[in-house]
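Okay, structure first, notes after.
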Amino acid sequence: MNEKQEIFGHPKGLYICFLTEMWERFSFYGMKFLLLLYLTKYHLFTDSGSLDVLGAYAGLVYALPVIGGMLADRYLGMRKAVIFGGILLCFGHLGLAFEGEQATIVNDVTVQDDFALNIFYLSLALIIVGVGFLKPNISTIVGKLYEVGDERRDSGFTIFYMGINLGSFTATLLCGYLGENYGWGYGFGLAGIGMLLGLVVFLWGQKFLHGHADPDNPEVLKENGFLGINKEMTIYLASFVSVPVIWFLVQSNSIVHSTLNLMAFAVLIWLIWFLYKECNKVERGRMIVLASLTLFTVVFWALFEQSAASMTLYADRVVDRVLVNTTFLPTETTGLYIMAFLLIMIPLVTGFMGRQKFQEMNDSERKITGGLFVITSLTMIYFGIDAIGFAGDVAESASGLPVRWEVTAVQTGSLNAMFIFLLAPLFAWLWTFLGKNKIEPGTPLKFGLGILQAGLGFGALVLGATMPDASGKVAYIWIVLAYLLHTTGELCLSPVGLSAVTKLSVPKVVGFMMGVWFLATAYSELVAAQIAKFAAIDTDAGIVTDVAAASTVYAEFFSSLMWVGVAISVVLFVLAPFMKKSMHGVN
């Protein structure tokens, strides 16, 4: 490829996909973590009612990409699918910015703005259909940018996935801050602006995709469909027709739940038939292991996805989110100057000491590492200079400067992305190191470790609940520790999940099993919301009046989840040797 078409040793199209996905995930996570608090605090939904909406939404938003991916593969092509999905997402987020009138309680009856709620459900439906078209296809475009066997492919996907986490991290910080402090519409509106930016970037960067995202057979789109119009217009029209159906389903958690249960039962019946009619002994063993791992992944994500459900409500109601509440006195400026000095000097010293290692890297590694180092260094130096200015203000003040820093419950969700930034390189090195020494745990063991850490994360919350302050609040460090353990669990399980599907599935049904895997993720989202309803609490207009009682309810709930995680992981550890044998040499 011409070097002029590359940035940091990768195709320019990668960065178009990176920015598009970053802004799409910015919009997705920005609204997802606001959703529950918005419904309980503004429209005065009960915990159970709001969790029903969250569960139906999350289940559908992870299920529809299976259909969107199929339509793009057979007809639209990835470019058209991403653009169409992005347009729907922009309209959906625009609708969420409309708050309507806040709910009130009159004579013990909750009076809600029905028109605003219908706009809200319509907006969710547009987002669900939009994600269905955009999410599966933007990832596929990245793979198309590299030739088969291109050694840059893995690092390209690493860069792309960093965009997902960057979008998640910034969204929960910024949208969470605006939504909870200035108005829910501002938080949702900012998420929508993010999606609009992603769409603009993708439209502008079409030329850098070099036709890789175009439909394989564009003539098919011009053929008339069953409605008498061409197939492309038929797909768009059918998508718009599906919106009111999704609008209804978002409000009907039981129907979504029953539908996914029915699909799971159908898959089970098909799998039993396929195992005994179409598979030899080796294929049967591998497919049974894959089916087992699919079931275990539902357990993990049902625990992990408490982050946007019970853990967000817990952070809002029980956790002490005031991180700094002090007054800096003029006599304490020395420490501030030392901190400023370290912030400025650390990147300079690191750059000087690492220059030899930098020179030993190949050209692509130097460009990526150098770019990240420059960004990190400039950020640290900026905060160092800012600290010097703050120290000067403290020194000039007569009685010192008060500083209070409180994070919102939604901002707590950024901890997962932050820990992925910090720990993903460490885990990548760890697996490589263990692999070279032939002691890397197999896929079943990694799944067991992931579920165990998810359970232990809830154990941290249980432990924290035993040490409340005078007001009944729990220290913030305990929810930080919970997110840390959940993230390390994710880093054990998530990267090997899709790989296991491709390695263990019989080749002729690998696409179907990939769809089953994604549907399992959708099912786990629904299960997560249903589980969280066991910790539902009665509130006074969305506010908890007895923090200690609420803490007890959550502690009992998290204790149950902890033991579920530990017990399931033990089962998996026991089964791991038998599963490894049934994998017949697949790692």
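Side notes on the structure shown:
- Leading residue by the ranking (farthest from F578 (Cα to Cα)) among those in region 395-419 that are among the hydrophobic types (A, V, I, L, M, F, W, C), in contact with a Leu (Cβ under 7 Å, 6 or more places away or on another chain) and not in a strand (DSSP E or B): V407
- Of all residues in region 116-148 being more than 30 Å from G211 (Cα to Cα) and of a type outside the set (A, V, I, L, M), the one that is surrounded by the fewest Cβ atoms within 10 Å (Cβ to Cβ): N118
- Top-ranked residue of region 211-229 - restricted to ones that are open to solvent by 60 Å² or more (accessible area, probe 1.4 Å) and in contact with a strand residue (DSSP E or B) (Cβ under 8 Å, 6 or more places away or on another chain), ranked as nearest to L89 (Cα to Cα): K222
- Residue within region 433-453 that is assigned to a helix (DSSP H, G or I), hydrophobic (A, V, I, L, M, F, W, C), open to solvent by 80 Å² or more (accessible area, probe 1.4 Å) and without any contact (Cβ under 8 Å) to a residue 24 or more places away in the chain present: yes
- From the list T502, T552, the one residue that fits, being surrounded by fewer than 19 Cβ atoms within 10 Å (Cβ to Cβ), among the β-branched types (V, I, T), without any contact (Cβ under 8 Å) to a residue 40 or more places away in the chain and over 25 Å from N253 (Cβ atoms), is T502.
- For A191, the conditions (1) over 26 Å from the mean Cα position of the chain (by Cα); (2) within 30 Å of A308 (Cβ to Cβ) all hold with the exception of (1).
- Neighbours by Cβ (under 8 Å, 6+ apart or cross-chain): first from region 414-428, farther than 16 Å from A308 by Cβ; second not in a helix (DSSP H, G or I): none
- When N587 is tested against the conditions (1) part of a loop (DSSP other than H, G, I, E, B); (2) polar (S, T, N, Q); (3) surrounded by 15 or more Cβ atoms within 10 Å (Cβ to Cβ), the lone failure is (3).
- In this structure, L76 does satisfy being surrounded by 24 or more Cβ atoms within 10 Å (Cβ to Cβ) and over 24 Å from the mean Cα position of the chain (by Cα).
- When Y121 is tested against (1) within 23 Å of Q411 (Cα to Cα); (2) at pLDDT 95 or above, exactly one condition is not met: (1).
- Looking across region 304-335, the residues that are hydroxyl-bearing (S, T, Y) and either farther than 18 Å from E406 by Cβ or open to solvent by 10 Å² or more (accessible area, probe 1.4 Å) (or both) come down to S307, S310, T326, T327, T331, T333, T334.
- The single condition from (1) under 26 Å from G205 (Cα atoms); (2) open to solvent by 10 Å² or more (accessible area, probe 1.4 Å); (3) not hydroxyl-bearing (S, T, Y) that L60 fails is (1).
- Condition check for D113: surrounded by fewer than 17 Cβ atoms within 10 Å (Cβ to Cβ) and more than 19 Å from E24 (Cα to Cα): no
- Subset tally (residues that are under 17 Å from Y276 (Cα atoms) and surrounded by 19 or more Cβ atoms within 10 Å (Cβ to Cβ)) for region 507-525: 1
Residues checked against (1) aromatic (F, W, Y); (2) in contact with an Asp or Glu (Cβ under 6 Å, 6 or more places away or on another chain); (3) over 30 Å from A520 (Cα atoms); (4) not in a helix (DSSP H, G or I):
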| residue | (1), (2), (3), (4) |
| --- | --- |
| V299 | no, no, no, no |
| F341 | yes, no, yes, no |
| P347 | no, no, yes, no |
| Q356 | no, no, yes, no |
| I375 | no, no, yes, no |
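- Meets criteria (closer than 27 Å to G565 by Cβ, among the aliphatic types (A, V, I, L, M) and in contact (Cβ under 8 Å) with a residue 40 or more places away in the chain) for A387: no
- Residue in region 199-216 that is within 18 Å of the chain's Cα centre (by Cα) and either within 30 Å of L34 (Cα to Cα) or aromatic (F, W, Y) (or both) present: no
- Checked against (1) surrounded by 19 or more Cβ atoms within 10 Å (Cβ to Cβ); (2) modelled with pLDDT under 90, L199 meets all criteria but (2).
- Consider region 250-292 and keep the residues that are free of Cβ contacts under 8 Å to residues at least 60 places away in the same chain, touching a Leu at 6+ places or on another chain (Cβ under 7 Å) and within 24 Å of F578 (Cα to Cα). The one that is most open to solvent (accessible area, probe 1.4 Å) is R284.
- Checking K533 against (1) buried (at least 20 other Cβ atoms within 10 Å of the Cβ); (2) within 15 Å of Q306 (Cβ to Cβ), the condition it does not meet: (1)
- Taken over region 479-494, the residue count meeting the criterion of being in contact (Cβ under 8 Å) with a residue 40 or more places away in the chain and open to solvent by 40 Å² or more (accessible area, probe 1.4 Å) is 2.
- Residue count, region 149-185 (criterion: more than 15 Å from S139 (Cβ to Cβ) and either surrounded by 17 or more Cβ atoms within 10 Å (Cβ to Cβ) or in contact (Cβ under 8 Å) with a residue 40 or more places away in the chain (or both)): 20
- For region 402-422, a residue qualifies if it is in contact with a strand residue (DSSP E or B) (Cβ under 8 Å, 6 or more places away or on another chain) and open to solvent by less than 60 Å² (accessible area, probe 1.4 Å), and the qualifying residues are V403, V407, A409, T412.
- Members of region 467-476 found to be in contact (Cβ under 8 Å) with a residue 24 or more places away in the chain and either open to solvent by 70 Å² or more (accessible area, probe 1.4 Å) or more than 10 Å from V318 (Cβ to Cβ) (or both), listed by number: D469, S471, A475, Y476
- Residues in region 535-566 that are within 22 Å of I479 (Cα to Cα) and of a type in the set (G, A, S): A535, A536, G542, A548, A549, A550, S551, A555, S559, S560, G565.
The values are calculated or read from the model by the stated rules, or taken from the named source; none is laboratory data. Bear in mind that the values here come from a model prediction, so they are computed numbers and not experimental data. Every residue, glycine as well, gets a Cβ built from its backbone with ideal geometry; the counts of neighbours run over all protein chains shown. Just so you know, the surface numbers come from the protein's heavy atoms only, side chains and all, with ligands and any DNA or RNA stripped out. Shrake-Rupley method; radii C 1.70, N 1.55, O 1.52, S 1.80 Å.
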